[in-house]
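The values are calculated or read from the model by the stated rules, or taken from the named source; none is laboratory data. Note that the structure is a prediction, hence the values are computed from the model and not measured. Reconstructed Cβ throughout: ideal geometry from the backbone, glycine too, with neighbour counts over all protein chains shown.
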């Protein structure tokens, strides 16, 4: 199915309405006494590339015109066409980066260091989604114990979801909580760093064969700086894998993420690769194990260009 070209001029009104509904629903879900203040800039969350109306339209086309009940339900229409997988095919990217600084604001702008100071030895996606991600890793990561292979697990914690017993000579974890990183059995070393304060990655050029990031790309407030650094430290043809679901600490996720849906999220991450430069055209993959029943799981990946 051909990918529709986004029409920002027609979609902005629908997106603003959808965004307003999203904010009302999310605000209602927070107990009144604990409801965080909404920053003034939250009113200007404009997604210039795509929007809820476009995703719904794509889902309806794939399902024969039937309206979708939700983004999750629409993620895998009856014919098996995932809007998430379609969204990055034949993209006509805007000439300029389509986001504004306020799009990377958050409801909770307090210190991330404080927020992540207490270890959380839990998983942030359910077991079927974890198994789907592990299976995907088993298909795309270099075989275990491949000489010379180095992997960076960005925004890592106490588990990386790599296949059981997976090993390489160098697997570096970068995360926010040292206690969590110490518990991660796959890591050979780790770095504690807040990428929102310091997006500079402390590694030499052309160091890593693979960079992974699990359900954390939505927290990056300086994504372009981070993706340019990823390009720098990847070896030529090195692979970057960003995985995400529809779950997050929504007060810490960037506003453009909390205001949009699953296919939009794939477009957002794809835009990071595109505008960072030096990456092959990004690809979106829907590995959701039980659409509409368990947590969805999506991948947006790309390789560093060889020249």
- request: Any chance you could count how many residues in segment 291-304 are surrounded by 19 or more Cβ atoms within 10 Å (Cβ to Cβ) and assigned to a loop (DSSP other than H, G, I, E, B)?
  value: 3
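Please enumerate the residues belonging to segment 86-114 that are outside any loop (DSSP other than H, G, I, E, B) and closer than 14 Å to residue 267 by Cα.
Passing the criteria: only 86.
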- prompt: Residues in segment 205-215: is at least one farther than 25 Å from residue 271 by Cα, assigned by TED's automatic domain parsing to the domain that holds residue 245 and without any contact (Cβ under 8 Å) to a residue 60 or more places away in the chain?
  reply: no
Meets criteria (out of contact with any helix residue (DSSP H, G or I) (no Cβ under 9 Å at 6 or more places or on another chain), modelled with pLDDT of 95 or more, under 26 Å from residue 175 (Cα atoms) and assigned to a loop (DSSP other than H, G, I, E, B)) for residue 138: no
Verdict on residue 215 being out of contact with any helix residue (DSSP H, G or I) (no Cβ under 6 Å at 6 or more places or on another chain) and at positive phi: yes
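If we only count strands (runs of 3 or more DSSP E) wholly inside segment 182-290, which ones have 2 or more residues that are under 24 Å from residue 90 (Cβ atoms) and within 15 Å of the chain's Cα centre (by Cα)?
Values: elements: 189-192, 208-214, 234-244, 283-286.
Output list reads 234-244, 283-286.
Yes/no matrix, rows are residues, columns are (1) within 27 Å of residue 126 (Cβ to Cβ); (2) crowded, with 17+ Cβ neighbours inside 10 Å:
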residue: 166; (1), (2): yes, yes
residue: 199; (1), (2): no, yes
residue: 204; (1), (2): no, no
residue: 208; (1), (2): no, yes
residue: 215; (1), (2): yes, yes
residue: 220; (1), (2): yes, yes
residue: 247; (1), (2): yes, no
- request: Working only within segment 169-178, note down all residues that are over 13 Å from residue 193 (Cβ atoms) and either crowded, with 22+ Cβ neighbours inside 10 Å or at pLDDT below 95 (or both).
  value: 171
